[in-house]
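Q: I'd like to ask some things about the structure below.
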Amino acid sequence: MSDTALEHTPVLLPQVLAALNIQASGVYLDTTFGRGGHAGAILEKLVADGRLVCLDRDPVAVAEAKKSFAADPRVTVFLAPFSSLAACADQVESGLKFDGILFDLGVSSPQLDDASRGFSFMQDGPLDMRMSKGVGLSAADVVNGASEAELIRIFREFGEERLAPRIARAIVADREAKPFERTLELAEMIARVARSRERHKHPATRVFQALRIFVNGELDELETALNAAFERLAPHGRLAVISFHSLEDRIVKQFMRRHASTDPVYAGLPFVPAHAAPKLRLVGKLVQADAEESARNPRARSARLRVAERLSEGLAA
């Protein structure tokens, strides 16, 4: 499969469209535009008075969005992290609420395919990994500047890497002679000291994931954004979240379950006040790609889609 094909292959597209339960005149938010596969499909289902707001923290993605949709009055595009979704919504209309909000988490195929971004351990490029180019610490800054103890924490907490102490020790020893500047330098060193026992998984996979999540503050971003999205869902509005690893999926699952449950303080009581009643309804079960999509688009193999619907005030789950 070519890189171009991957660029234009949104994950779980039919399932996402069904999950959002799109209304032709509805208002929708794509918090992670990427290259617009999901956004374009949503827009096709909207009539003239429908609205679509798109966010991305990657300037390249936003440039693509503006090029694709510049002439469409239904679409508004923002260069912003999804934790800023409320502020962006207010720029469109004060207090704007959405009939559907989509999160497609993690790094996009075009970002992985662009070696200059430094996300991939399969291509040589600068050890960067920042989704917002030039903003904050790069992966190289972290690898070359963090203490051994901090590297161990990062690799364990954000990569669930069992061999974190061994890898961190080797990084600290090697960087004394020469700082790490390139992706393949780091990936090849990890492969030497920590051979993966996981089939079809490069030994550097978890470390690169951990660095990317840490550099971009992805888990804190996600928790902030989920709370903001919850507040901006219209009654019966749908929240659909695609995650690609267990750390993200755990946050999403716990968030949805928490808001779909009665406050435990009132469990079993005959009267539950409105503030303690469920605010979300879980929609269906966890959705994953079938064998055909996984073969066609390898990125879909680890995709997990969870969906919840905002309840009207006072409506029980």
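Q: Net charge within 9 Å of residue 56 by Cβ-Cβ distance, Lys/Arg positive one each and Asp/Glu negative one each, not counting residue 56 itself?
A: On the way: positive: 57; negative: 30, 58, 64.
So the surrounding residues net to -2.
Q: Given Cβ point charges of +1 (Lys, Arg) and -1 (Asp, Glu) and nothing else, what value in debye, to the nearest 20, does the dipole of the chain about its Cα centre take? Intermediate values should be presented prior to the final figure.
A: On the way: 41 positive and 42 negative charges, 170 e Å.
Here the size comes out at about 820 debye.
Q: To continue, here is another question. Going by average Cβ density within 10 Å per residue, which order do the peptides 222-229, 166-173 take, highest to lowest?
A: Numbers: 222-229: 19.6, 166-173: 18.1.
Output ranking for 222-229, 166-173: 222-229, 166-173.
Q: Angle check, please: helix 183-193 long axis (alpha carbons) against the longest principal axis of the chain (alpha carbons), in degrees 0 to 90, nearest 10.
A: 70
Q: Within region 199-221, what residues put their amide N at less than 15 Å from the label point 7 Å along the Cα-to-Cβ vector of residue 301?
A: Under cut-off, by backbone N: 199-206.
Q: Share of Cα-Cα pairs in region 1-145 beyond 26 Å, in percent? Please report the intermediate quantities before stating the final value.
A: Values: 2881 of 10440 pairs.
In whole percent, the share of Cα-Cα pairs in region 1-145 beyond 26 Å is 28.
Q: Quick one: length gained pulling residue 236 to residue 286 fully straight, 0.36 nm per residue minus the C-alpha distance?
A: Working: separation 50, 0.36 × 50 = 18.00 nm, distance 1.93 nm.
Extending this stretch completely gives an extra 16.1 nm.
Q: Here's another thing I want to ask about it. Considering only protein heavy atoms and a 1.4 Å probe, what is the carbon-and-sulfur percentage of the accessible area of the chain? Present the calculation step by step, with values, prior to reporting the outcome.
A: Numbers: 7660 of 14880 Å².
On the chain, the fraction of accessible area on carbon and sulfur atoms equals 51 percent.
Q: Moving on. Multiply the residue separation of residue 48 and residue 157 by 0.36 nm, subtract the distance between their alpha-carbon atoms, and state the gained length in nm to one decimal. The partial results should precede the final answer.
A: Details: separation 109, 0.36 × 109 = 39.24 nm, distance 4.61 nm.
Answer, rounded to one decimal: 34.6 nm.
Q: Pull up all non-local amide H partners of residue 100: gap of 5 or more, or a different chain, and H-to-H distance under 5 Å with H placed in the peptide plane.
A: Here 27, 29, 238 satisfy the definition.
Q: Going Cα to Cα from residue 67, which aspartates and glutamates come in below 20 Å? Please leave out same-chain ones fewer than 8 positions away.
A: 7, 30, 44, 56, 58, 114
Q: Give me the 1.4 Å probe accessible area per residue for region 63-200, excluding ligands and nucleic acids, in Å². Let's see the in-between values first.
A: Values: 6910 Å² over 138 residues.
It amounts to 50 Å² per residue over region 63-200.
Q: Rounded to the nearest 5, what % of the DSSP beta bridges within the chain are antiparallel ones? Walk me through the numbers before you get to the answer.
A: On the way: 12 of 30 bridges.
Close to 40 percent.
Q: Another question, if that's okay. Using the beta-carbon distance between residue 220 and residue 23 and R0 = 45 Å, what value does 1/(1 + (r/R0)^6) give for FRET efficiency, to the nearest 0.05?
A: Values: r = 32 Å, r/R0 = 0.72.
For residue 220 and residue 23, the calculated efficiency is 0.90.
Q: Kirkwood hydrodynamic radius (Cα pairs, Å) of region 167-317?
A: Details: mean 1/r = 0.0534 Å⁻¹.
Computed over Cα pairs of region 167-317, the Kirkwood hydrodynamic radius comes out at 18.7 Å.
Q: Over the chain, what is the relative contact order in percent, taking alpha-carbon pairs closer than 8 angstrom and at least six residues apart?
A: Values: 540 pairs, mean separation 58.5, N = 317.
Relative contact order, the chain: 18 percent.
Q: Would you kindly derive the ³J(HN,Hα) couplings of region 260-268 from the backbone phi angles with the Karplus curve 6.51 cos²θ - 1.76 cosθ + 1.60 (θ = phi - 60°), listing them in order in whole Hz, with x for Gly and Pro?
A: Calculated HN-Hα couplings, in order: 9, 10, 5, 3, x, 4, 9, 4, x Hz.
Q: Okay, moving on. Given only helices, namely DSSP H runs of n ≥ 4 each adding -39500 (n - 2.57), what is the per-residue ellipticity at 222 nm of the chain, to the nearest 500 deg cm²/dmol?
A: Numbers: 14 runs with 136 residues, N = 317.
Calculated from helices alone, the mean residue ellipticity at 222 nm is -12500 deg cm²/dmol.
Q: Over 10 Å intervals from 0, what percent of Cα-Cα pairs in the chain sits in each interval?
A: Each 10 Å bin holds this share of Cα pairs: 6, 25, 31, 23, 12, 3, 0.
Q: Right, another one. If the viscosity is 0.692 mPa s and the temperature 37 °C, what translational diffusion coefficient in µm²/s does Stokes-Einstein give for region 161-222 when Rh comes from Kirkwood over Cα pairs? Before the final figure, lay out each step's value.
A: Working: Rh = 12.5 Å.
Answer, rounded: 263 µm²/s.
Q: Give the cross-link partners of residue 178 among the aspartates and glutamates, using a straight C-alpha distance below 15 Å as the criterion and excluding same-chain residues fewer than 8 apart.
A: Within reach: 141, 188.
Q: For every other residue with a beta carbon closer than 11 angstrom to the beta carbon of residue 65, add +1 if it is Lys or Arg and -1 if Asp or Glu, then tell me the sum.
A: Details: positive: 35, 66, 67; negative: 30, 56, 58, 64, 72.
Neighbourhood net charge equals -2.
Q: Between helix 205-216 and the chain, what is the angle of the helix's C-alpha long axis to the longest principal axis, kept within 0 to 90° and rounded to the nearest 10?
A: 60
Q: Region 231-307 to region 6-37: how many Å between their Cα centroids?
A: If you average the Cα positions of each part, the centres end up 17 Å apart.
Q: Within region 223-267, which residues have the backbone N less than 20 Å from the label spot 7 Å out from residue 94 along Cα→beta-carbon, could you tell me?
A: Residues 231-234 fall inside that zone.
Q: For a quick protection proxy, order the peptides 121-128, 182-189 by their average other-Cβ count within 10 Å, most packed first.
A: Details: 121-128: 17.9, 182-189: 19.5.
Per-residue mean Cβ counts within 10 Å order the peptides as 182-189, 121-128.
Q: Using a simple spin-label model with points 7 Å from Cα along the Cα→Cβ vector, what separation in nm is obtained for residue 267 and residue 67?
A: Computed distance between label sites residue 267 and residue 67 equals 5.3 nm.
Q: What are the lysines whose alpha-carbon lies under 22 Å from the alpha-carbon of residue 253, with same-chain residues fewer than 8 places away excluded?
A: Hits, sequence-local ones excluded: 279, 285.
Q: Using each residue's phi in region 230-243, evaluate 6.51 cos²θ - 1.76 cosθ + 1.60 at θ = phi - 60° and report the 3J(HN,Hα) Karplus result to the nearest Hz, with x for Gly and Pro.
A: Running phi through 6.51 cos²θ - 1.76 cosθ + 1.60 with θ = phi - 60° gives 4, 6, 9, 7, 6, x, 6, x, 9, 10, 10, 10, 9, 10 Hz.
The values are calculated or read from the model by the stated rules, or taken from the named source; none is laboratory data. Keep in mind that this is a model prediction, so the values were computed, not measured. Please note: Cβ atoms are built from the backbone with ideal geometry, for glycine as well, and neighbour counts cover all protein chains shown. For accessibility, only protein heavy atoms count, side chains too; no ligands or nucleic acids. Shrake-Rupley method; radii C 1.70, N 1.55, O 1.52, S 1.80 Å.
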